[in-house]
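Trainee: Input: one structure, supplied below.
The values are calculated or read from the model by the stated rules, or taken from the named source; none is laboratory data. Because the structure is predicted, anything quoted here is derived from the model rather than measured. All Cβ positions, even for glycine, are placed from backbone atoms using ideal geometry, and neighbour counts span all protein chains on display.
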Amino acid sequence: MNTAILMAVIGFVFAITLVITFKGKIGAFLAASIFGPLVGFVIGMVIALAIGSIMLPTKTVVYGPGTLVAMRSSDGFSGTFIWGSGSIGSSSTYNFMQRMDDGSLKPGFIYVDETVRVIEDPELKDVGYWRTTMTEADRSSPWSAWSLGQNSMSKVVRQEFRVPKGTVVQEFKIK
């Protein structure tokens, strides 16, 4: 928001300077009305992007844990929490079911990369958890009101699946 105000002030000052410089000629008014806002916009954007990329601090935020539900096999005895993997284009994915606050189940997937970790926890039984750790722009910083592009600063640091021991299995079929 402050960036928009800054752009308007810079444009207004530039327009007044043009009018004074050309001593009230009609061309000065036209130049001021066109170039004033344009110069204000360009200078304001440069300042906003510089503050957003250089001066705005980041913080680590943990989202979750979300509750995972095991998908049982047809015999009803065994189940897996990450119940399948697949691919979209050349990227691999993990599929899972998450229990929502209202008790419903929501299917989800994530792209598999170096941030994904699966941890088998011997203390868990019949429940799993999914947690995402990210670095994001610190919106409580005084520089936050002056910057643009805060969402582009968000970066996933870690995707962690914590599941009961013995539920990470892979079936191999020999043909």
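Trainee: Considering only the range 40-57, how many residues are in contact with a helix residue (DSSP H, G or I) (Cβ under 6 Å, 6 or more places away or on another chain) and either farther than 26 Å from I16 by Cα or at pLDDT 70 or above (or both)?
Mentor: The qualifying residues number 7.
Trainee: List pairs: first residue in the range 88-109 and more than 17 Å from V163 (Cα to Cα), second residue modelled with pLDDT under 85 and polar (S, T, N, Q) anywhere in the structure, Cβ distance under 7 angstrom, at least six positions apart or on different chains.
Mentor: Listed by first residue and then by second, the contacts come to S92/S85; T93/S85; T93/S87.
Trainee: Name the residues in the range 100-120 that are surrounded by 13 or more Cβ atoms within 10 Å (Cβ to Cβ) and among the acidic types (D, E), would you?
Mentor: The answer is E120, and nothing else.
Trainee: Checking the condition of a type outside the set (D, E, K, R), surrounded by 15 or more Cβ atoms within 10 Å (Cβ to Cβ), modelled with pLDDT of 80 or more and under 30 Å from M45 (Cα atoms), which residue from M134, M97, M153 passes?
Mentor: Step by step, each of M134, M97, M153 is checked, and only M134 is of a type outside the set (D, E, K, R), surrounded by 15 or more Cβ atoms within 10 Å (Cβ to Cβ), modelled with pLDDT of 80 or more and under 30 Å from M45 (Cα atoms).
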